[in-house]
């Protein structure tokens, strides 16, 4: 059997198997959450009102049912791009108009991104202006949404096209081991983004102002000094302009690190609870989780570029995924797109391993936070965040293993020495 046919069968089998598995997981989640909707779990009956529990269940069910439709459409679109010849037709059409060369390759990448965005647009709009609106989370106006869309398009063009052009040039000009040079460029680009994102990109979309609460600032500063962490500044972000969801995060790298609080978070949590949430994030740095993830990204991306370097020279790779390789023009953009389409189909089956690693990191960060702040403050902060974000307290255990990067509330709180809550 030709290698191209083997790839076709393997891809079709993985796509079908992955879709069935995702649908099974989603239906398990829907059934499990619905079955537990009418009663707050025993561990939370003294702290979570039934109305809040049911809101979280309804929010989860609504998103999960929309997700079922997205799964079906996504699988159909992927099949259309590959085995049904959509990417091949797009490539041939652009070749006829532009001829072979860098312009045609960049046009292929840009057209693919734009078409994908248009297909995703109805789901994005429905999620934002129907689902989030129905549950009281959406705060964004149509004008702001359109402004964000325009800014994202400009940012993607200014940043995405040059890096894509450089990688495509390396694929065609750097010889047999072009993938090593491309990997170096890609990693350098990602590290550069970590440096410039806080000061140049993020402020284009949100307003950041220094933390003005002197009492809270003193507490946070003391906590960071106690933990041996230095940041360039403490900032409050106007998250309430777009959503009622609350969060806090670190951004940047090296000397450019910043601590950012959503204004919605500060409005909801007490100073001690803010301390506990921040200590959790500091725990990730203390345990070097960020460095570990960067090293993992380096290793996986190197393996990915090496695999792409080999596959891009195999005619069966193109034919097996429904594309006729160009004879008198470069195939680099085609190879890149096919690789990005095919890899997630096969890699989904190992996603529980990465989710488990992430959940383990969260437990370690929780333990560190409890060693630096009050365990009760961390527990009450988590309960408030789960309630405010309408996160279900009763997810399906199997669904959790595949998708949850953070442990469910019941598992996190069970490890916290807070008798009143457990």
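The values are calculated or read from the model by the stated rules, or taken from the named source; none is laboratory data. Every value quoted in this text rests on a predicted model; they were computed, and no experiment measured them. Methodologically, a virtual Cβ is constructed for each residue, glycine included, from the backbone with ideal geometry; neighbour enumeration extends over all protein chains shown.
One residue is enough: does the stretch 78-100 have a residue meeting the conditions free of Cβ contacts under 8 Å to residues at least 60 places away in the same chain, out of contact with any helix residue (DSSP H, G or I) (no Cβ under 8 Å at 6 or more places or on another chain) and within 30 Å of residue 264 (Cα to Cα)? No, that holds for no residue. Taking residue 202 as the residue in question, decide whether it is part of a helix (DSSP H, G or I) and surrounded by 12 or more Cβ atoms within 10 Å (Cβ to Cβ). When the stated conditions are applied, residue 202 passes them. Pairing each residue of the stretch 293-315 that is touching a residue at least 24 places away in the same chain (Cβ under 8 Å) with any residue that is part of a loop (DSSP other than H, G, I, E, B) and buried (at least 16 other Cβ atoms within 10 Å of the Cβ), provided the two are 6+ apart or on different chains, yields C-beta distances under 6 Å for 315/325.
Can you confirm whether residue 317 is buried (at least 18 other Cβ atoms within 10 Å of the Cβ) and within 20 Å of residue 12 (Cα to Cα)? Taking the combined requirement at face value, the residue satisfies it. Output yes when any residue across the stretch 280-289 is in contact with a strand residue (DSSP E or B) (Cβ under 7 Å, 6 or more places away or on another chain), closer than 22 Å to residue 379 by Cα and in a helix (DSSP H, G or I), and no when none is. There is at least one residue in the stretch 280-289 that is in contact with a strand residue (DSSP E or B) (Cβ under 7 Å, 6 or more places away or on another chain), closer than 22 Å to residue 379 by Cα and in a helix (DSSP H, G or I). Within the stretch 2-10, can one find any residue that is surrounded by fewer than 17 Cβ atoms within 10 Å (Cβ to Cβ), part of a loop (DSSP other than H, G, I, E, B) and at pLDDT below 95? Within the stretch 2-10, one or more residues are surrounded by fewer than 17 Cβ atoms within 10 Å (Cβ to Cβ), part of a loop (DSSP other than H, G, I, E, B) and at pLDDT below 95. Does any residue of the stretch 348-356 turn out to be assigned to a helix (DSSP H, G or I), surrounded by 15 or more Cβ atoms within 10 Å (Cβ to Cβ) and over 23 Å from the mean Cα position of the chain (by Cα)? Within the stretch 348-356, not a single residue is assigned to a helix (DSSP H, G or I), surrounded by 15 or more Cβ atoms within 10 Å (Cβ to Cβ) and over 23 Å from the mean Cα position of the chain (by Cα).
Annotation note: of 76, 13, the sole residue that is surrounded by fewer than 14 Cβ atoms within 10 Å (Cβ to Cβ), under 22 Å from residue 348 (Cα atoms), at pLDDT 95 or above and over 24 Å from the mean Cα position of the chain (by Cα) is 13.
Being in contact with a helix residue (DSSP H, G or I) (Cβ under 6 Å, 6 or more places away or on another chain) and more than 30 Å from residue 226 (Cα to Cα) holds for only one residue in 400, 323, and it is 323. Kindly indicate the residue of the stretch 246-279 that is part of a loop (DSSP other than H, G, I, E, B) and in contact with a strand residue (DSSP E or B) (Cβ under 8 Å, 6 or more places away or on another chain) and also farthest from residue 192 (Cα to Cα) among those meeting that condition. Among those residues, the one meeting the criterion is 246.
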